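Asks: Questions regarding the structure given below will be posed in turn.
The values are calculated or read from the model by the stated rules, or taken from the named source; none is laboratory data. This structure is a prediction, so every number in the text was calculated from the model and none was measured. Quick reminder, even Gly has a Cβ in these numbers, built from the backbone with ideal geometry, and neighbours come from all protein chains shown.
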Amino acid sequence: MVEASRMKSLGVDFPFMVAPMVGLTHVAFRATVRHFTPKSIHPLLFTEMLSTRRLPFERIDRVDELKTIAGETHFIPQILGNEESFIQRSIQKLMPLDPWGFDINMGCPARQHLKHNWGVRLLGDKDYAARVVEMTKKHSPVPVSVKMRCGQEIADPQFLDDFTAALENAGADWLTIHARLQSQKHKGEADWNLVGDLRRKRSIPIVMNGDVQTAADALEIYRSGLADGIMIGRAATARPWILWQIAHDLGHTESPEAFPGMAPPRTPEEEGRFFLMAMAEFMRNLDRHFDNDDKNMRRLRFYVINANRWFLFGHSYYSRCMKTKTITEALRMTEEMIDTVNFPMTSRINFL
């Protein structure tokens with residue numbers, strides 16, 4: 001029997017979510033995920049990473065990374081920083097958007113952030129990292145989480161225990177553990193069991209992230225009791241309907257409004273066709289929410305670079321997208337492919 005998720009203590013009934021990803025989890029992608037998710041399900045979705053050094057000086061209505069869907073709920077800004085004054089002012093700036101919570105990034109390995117002791121550099125000092133949590137909790141009226149790696153160069157269960165205990169004691173409401181080391185970046189298999197062992201030691205919810213590519217992966221982690229929640233990363237760019245699949249497998253028979261009475265796609269051919277439908281919806285959302293076609297083409301190309309690897313002929317679609325000049329042209333090409341091209345999807349890829 002599956003143990004009830006401790007995320008329920010935070011009011012989360014569906015503990016499956018999509019990870020914050022730079023350049024990807026903007027409003028157009030979040031709208032696409034919601035398009036393929038039953039309306040009665042409210043997954044937590046994250047913004048792109050936001051610098052607390054910049055936020056206090058920006059106008060919310062002019063920052064692309066801060067655009068939201070009208071009436072959007074259950075979204076979480078992910079913040080990057082370590083100085084209380086900037087964290088406080090950033091939270092004050094973001095609260096009018098009605099965020100569900102805030103997430104502190106302690107996992108980004110980007111070099112430009114490491115020099116400021118941001119991101120994964122915080123893993124080097126648990127007391128310093130705990131102070132960042134205390135600062136954020138002090139000024140946040142909503143839940144505060146931390147997304148982190150399970151270590152830097154080597155897997156050390158004692159380090160992970162000590163570090164997460166410090167974050168818990170500092171007031172973190174829940175933690176997401178990317179079950180890879182800093183040195184792995186996004187390569188190699190994630191160590192789910194390491195996170196499962198940690199979950200038994202913490203009293204706050206622990207969410208698993210890393211190498212979750214299918215609904216079956218997410219349900220395996222959840223049903224085995226390895227985590228209180230599951231966070232899906234890049235695989236959600238290829239399968240923005242993955243939350244629908246998970247819900248359906250858990251006995252939730254409602255369909256998304258756009259697909260009344262339908263079950264989620266399952267076969268490689270069905271998923272391939274749905275991917276093209278998702279790409280068309282994504283492009284329409286780019287047009288709805290952003291007004292710069294050049295930037296939208298860069299967003300589209302970056303998205304396809306990440307998603308195409310799950311398709312047997314992904315390089316072909318990628319090449320076609322690279323040749324288009326506008327979103328309108330890319331959308332027309334994609335819509336023509338939906339019913340005319342066999343574009344099967346593979347279940348899993350190897351992150352080498």
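Asks: Any idea which residue in the range 293-352 is modelled with the lowest pLDDT, counting only those that are more than 24 Å from ARG266 (Cα to Cα) and assigned to a loop (DSSP other than H, G, I, E, B)?
Replies: LEU352
Asks: Can I ask one more? Specify the residue that is surrounded by the fewest Cβ atoms within 10 Å (Cβ to Cβ); the eligible residues are those in the range 269-300 that are of a type in the set (Lys, Arg) and free of Cβ contacts under 8 Å to residues at least 60 places away in the same chain.
Replies: ARG298
Asks: Test GLY171 against the criterion of being crowded, with 20+ Cβ neighbours inside 10 Å, at pLDDT 85 or above and touching a strand residue (DSSP E or B) at 6+ places or on another chain (Cβ under 8 Å), and give yes or no. Steps first, answer last, please.
Replies: Working: crowded, with 20+ Cβ neighbours inside 10 Å: no; at pLDDT 85 or above: yes; touching a strand residue (DSSP E or B) at 6+ places or on another chain (Cβ under 8 Å): yes.
No.
Asks: Out of the residues in the range 250-268 that are surrounded by 14 or more Cβ atoms within 10 Å (Cβ to Cβ) and modelled with pLDDT of 95 or more, which is farthest from VAL341 (Cα to Cα)?
Replies: So, considering only residues that are surrounded by 14 or more Cβ atoms within 10 Å (Cβ to Cβ) and modelled with pLDDT of 95 or more, the one farthest from VAL341 (Cα to Cα) is LEU250.
Asks: I'd like to verify a number: residues in the range 65-83 that are within 24 Å of LEU10 (Cβ to Cβ) and surrounded by 15 or more Cβ atoms within 10 Å (Cβ to Cβ), how many?
Replies: 12
Asks: Filter the range 178-209 down to residues that are assigned to a loop (DSSP other than H, G, I, E, B) and modelled with pLDDT under 90, then give me how many there are. Reasoning before the result, please.
Replies: Step one: of the range 178-209, the residues assigned to a loop (DSSP other than H, G, I, E, B) are 179-181, 185-191, 200-205.
Going one step further and asking which of them are modelled with pLDDT under 90, we end up with 179-181, 185-191.
Looking only at that region, the number is 10.
Asks: Looking only at residues in the range 221-249 that are farther than 16 Å from SER347 by Cα and free of Cβ contacts under 8 Å to residues at least 60 places away in the same chain, which one is surrounded by the most Cβ atoms within 10 Å (Cβ to Cβ)?
Replies: Here the answer is ALA227.
Asks: When residues of the range 210-231 are filtered for being at pLDDT 95 or above, out of contact with any helix residue (DSSP H, G or I) (no Cβ under 6 Å at 6 or more places or on another chain) and not in a helix (DSSP H, G or I), how many remain?
Replies: Looking only at that region, the number is 2.
Asks: Just one of the numbered conditions (1) more than 18 Å from ALA31 (Cβ to Cβ); (2) surrounded by 12 or more Cβ atoms within 10 Å (Cβ to Cβ) is not true of LYS323; which one?
Replies: Among (1) more than 18 Å from ALA31 (Cβ to Cβ); (2) surrounded by 12 or more Cβ atoms within 10 Å (Cβ to Cβ), the lone unmet condition for LYS323 is (2).
Asks: Let me ask something else about it. Of the residues ARG54, ARG30, ARG62, ARG89, which single one is buried (at least 23 other Cβ atoms within 10 Å of the Cβ), assigned by TED's automatic domain parsing to the domain that holds GLY229 and either over 14 Å from the mean Cα position of the chain (by Cα) or modelled with pLDDT of 95 or more (or both)?
Replies: It is ARG30.
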